[in-house]
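Asks: If you scroll down you'll find the structure; I have some questions about it.
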Ligand code: PAF
């Protein structure tokens, strides 16, 4: 595996790959790789001859008072893990490579509508930071395929929208959420949890599953189901941010004959803000 950090190195490699007819997959990450990320790399391998993993803790997607400074940076360990997986390239650009005119003068890519609610409402500017950096990583790496995790459900929908809207010739693949044995979705932010909080954390997923079961049993009183899950996670010690039952394709409120639902939630637990979702066919 080659570790590169400049656009020139990437360009040279890209020319060589294209010359040999290789397709390129990108797995954008902010590092601190866990099994969830590694599953994205494995999936990327199935869709392209060359896999580029990017590690870049993107300053523009963190709001004021969020955890940009504390976000775990573990490049040495990440590199070792990726070598074992046989990724072709680890791309670790610095801020100047990603934002050559500086952050204040950066062109911003913004997706309206889909970013208005949920994480977009709780984290103003977050999705502009995500789409802006992902568009730049796409331009630098020039992939045919890009892999994102379902755990960030709204993020992957926003990126799909951006890709279609800008006619980017990139296929977006969404990979299933990887969970700990007790159901907690894997996330770099789980390490902010104390031991006691870690024991409570799986209740977020359990409350989503309970809604899923009710939906599959034919219940359609969506607001009541959301309120009851909210009360359950609050009683467990979380400070809920949102619990929502929505159409899986566009996050709009479902009507009674909608057949693919996503149940999404975000909640604070101690220092961590956890998000999770499940998709339910009804
Ligand atoms: O999901 C993430 O880790 C980040 O939002 C992403 C897509 C790498 C952009 O910085």
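Every residue, every condition in (1) in contact (Cβ under 8 Å) with a residue 24 or more places away in the chain; (2) closer than 22 Å to residue 178 by Cβ; (3) surrounded by 16 or more Cβ atoms within 10 Å (Cβ to Cβ); (4) within 15 Å of the ligand (Cβ to nearest atom), yes or no:
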site	(1), (2), (3), (4)
17	yes, no, yes, no
31	yes, yes, yes, yes
39	yes, yes, yes, yes
69	no, no, no, no
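Asks: Also, quick follow-up: Among the helices (runs of 4 or more DSSP H) contained in segment 111-188, which hold 1 or more residues that are near the ligand (Cβ under 10 Å from one of its atoms), out of contact with any strand residue (DSSP E or B) (no Cβ under 7 Å at 6 or more places or on another chain) and closer than 18 Å to residue 267 by Cα?
Replies: Here the list reads 126-141.
Asks: Would you mind stating whether residue 51 is away from the ligand (no atom under 13 Å from the Cβ), part of a strand (DSSP E or B) and modelled with pLDDT of 95 or more?
Replies: For residue 51, the condition - away from the ligand (no atom under 13 Å from the Cβ), part of a strand (DSSP E or B) and modelled with pLDDT of 95 or more - is met.
Asks: Filter segment 202-224 for residues that are part of a helix (DSSP H, G or I) and out of contact with any strand residue (DSSP E or B) (no Cβ under 6 Å at 6 or more places or on another chain) and give the result.
Replies: Once the filter is applied, which keeps residues that are part of a helix (DSSP H, G or I) and out of contact with any strand residue (DSSP E or B) (no Cβ under 6 Å at 6 or more places or on another chain), segment 202-224 yields 203, 206, 207, 209, 210, 213, 214, 216, 223, 224.
Asks: Follow-up question, since we're still on this one. List every residue pair whose Cβ atoms sit under 7 Å apart, with the two residues 6 or more apart in sequence or on different chains, where the first one lies in segment 202-216 and is in contact (Cβ under 8 Å) with a residue 40 or more places away in the chain and the second, anywhere, is in a loop (DSSP other than H, G, I, E, B).
Replies: Pairs that qualify, where the first residue is in contact (Cβ under 8 Å) with a residue 40 or more places away in the chain and the partner is in a loop (DSSP other than H, G, I, E, B), are 204/238; 205/183; 205/184; 215/282; 216/282.
The values are calculated or read from the model by the stated rules, or taken from the named source; none is laboratory data. Since we're looking at a predicted model, the values are computed, not measured. Cβ: placed from backbone, ideal geometry, glycine included. Neighbour counts: every protein chain shown.
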